[in-house]
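See structure below.
The values are calculated or read from the model by the stated rules, or taken from the named source; none is laboratory data. None of these values were measured; they are calculated from a predicted model. Please note: Cβ atoms are built from the backbone with ideal geometry, for glycine as well, and neighbour counts cover all protein chains shown.
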Amino acid sequence: MKRIGALLLLAPACAVGRWEETQTEHLTIHYRPGSHAERHLDEVRRDFEAAYLAVFDQVPFVPEDPAYDVYLHEYPSNFGWSNLVLRRVHYRYDAESQLTSPHEFIHIVLHDLNPDAPGRLDEGICRVREARTITANGETQVCELYRLAWNAPADVWDLDAIFARGYSGDDEGNTAAACVKWLQAELGEDAFWELYLELDRSNYRELLEERAGRSWAELKRAFLAFRDALEPPPPFHRRVR
């Protein structure tokens, strides 16, 4: 530790472990010194504030405490994740990928609204307006994630599972997004959000039957009819099923 050479070698490692921060109206954004984010701070502040504000085009409630911490990482294994209790969102932001989706912000707002809501349904709300872009052979095709649920096996289209279980992959998340799309059409958006505020994993059948005016068996059939009426994804997005 006393040798100058050792100090020179340790200095970059210390910088890697340090966070710098910058502020927007609603966000504290944390980034590493020397990172892609630091080199593009004006864009970072603009794009993440816009992503935060976009949440409220989708979720009709503004939190009482709108303060969030955003952590920007270079080349993580995940592209985005959130800590609901600490109100922190984490995104990949580097030279290859600059993720600025509202998705992780929505998770925190939903947790504030109803911490007992089914987790897979929350993921569906986060995905329902998202899309995936694929470019191949010089052609670009865009597809909404709820339509990608067309690829999911039949057993994933289980209405009880969407309300009573977590999720572990895109098929389950996209099918939950399709469920949100269906429910908002079935009930209306205002009634959907009134329902959401009361939902948990134990009362969903009773509440849905009451709000929709149909039995659980009828609702399950209606959800599968929605699946069967989905427009198939563009060819680049399809899987053989």
Within the stretch 134-178, restricting to residues that are small (Gly, Ala, Ser) and surrounded by 14 or more Cβ atoms within 10 Å (Cβ to Cβ), the one that is nearest to residue 200 (Cα to Cα) is 164
Whichever residue in the stretch 84-93 is touching a strand residue (DSSP E or B) at 6+ places or on another chain (Cβ under 8 Å) and surrounded by fewer than 18 Cβ atoms within 10 Å (Cβ to Cβ) and, among such residues, is nearest to residue 44 (Cα to Cα) | 88
Could you please find all residues in the stretch 210-233 being over 30 Å from residue 112 (Cβ atoms) and either in contact with a strand residue (DSSP E or B) (Cβ under 8 Å, 6 or more places away or on another chain) or part of a helix (DSSP H, G or I) (or both)?
-> 217, 218, 220, 221, 222, 224, 225, 227, 228, 229, 233
Can you tell me which residues in the stretch 198-209 are surrounded by fewer than 12 Cβ atoms within 10 Å (Cβ to Cβ) and part of a helix (DSSP H, G or I)?
-> 206
Hey, residue 119 hits all of (1) over 20 Å from residue 237 (Cα atoms); (2) in contact (Cβ under 8 Å) with a residue 60 or more places away in the chain; (3) of a type in the set (Gly, Ala, Ser) but one; which does it fall short on?
-> (2)
Result of the Cβ filter at 6 Å on the stretch 66-91, keeping first residues that are closer than 22 Å to residue 114 by Cα and partners that are assigned to a loop (DSSP other than H, G, I, E, B) and at pLDDT below 95, at least 6 apart or interchain, is 66/26; 68/87; 80/99
Which one of the conditions (1) under 19 Å from the mean Cα position of the chain (by Cα); (2) surrounded by fewer than 18 Cβ atoms within 10 Å (Cβ to Cβ); (3) farther than 20 Å from residue 115 by Cα does residue 193 fail to meet, given that it meets all the rest?
-> (3)
When residues of the stretch 196-241 are filtered for being within 30 Å of residue 140 (Cβ to Cβ) and in contact (Cβ under 8 Å) with a residue 24 or more places away in the chain, how many remain?
-> 13
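Residue-by-condition table, conditions (1) small (Gly, Ala, Ser); (2) in contact with a strand residue (DSSP E or B) (Cβ under 8 Å, 6 or more places away or on another chain); (3) modelled with pLDDT under 90:
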| site | (1), (2), (3) |
| --- | --- |
| 137 | no, no, yes |
| 142 | no, yes, yes |
| 146 | no, no, no |
| 156 | no, no, no |
| 165 | no, no, yes |
| 170 | no, no, no |
| 174 | no, no, no |
Can you name every residue in the stretch 25-66 that is modelled with pLDDT under 95 and among the hydroxyl-bearing types (Ser, Thr, Tyr)?
-> 52
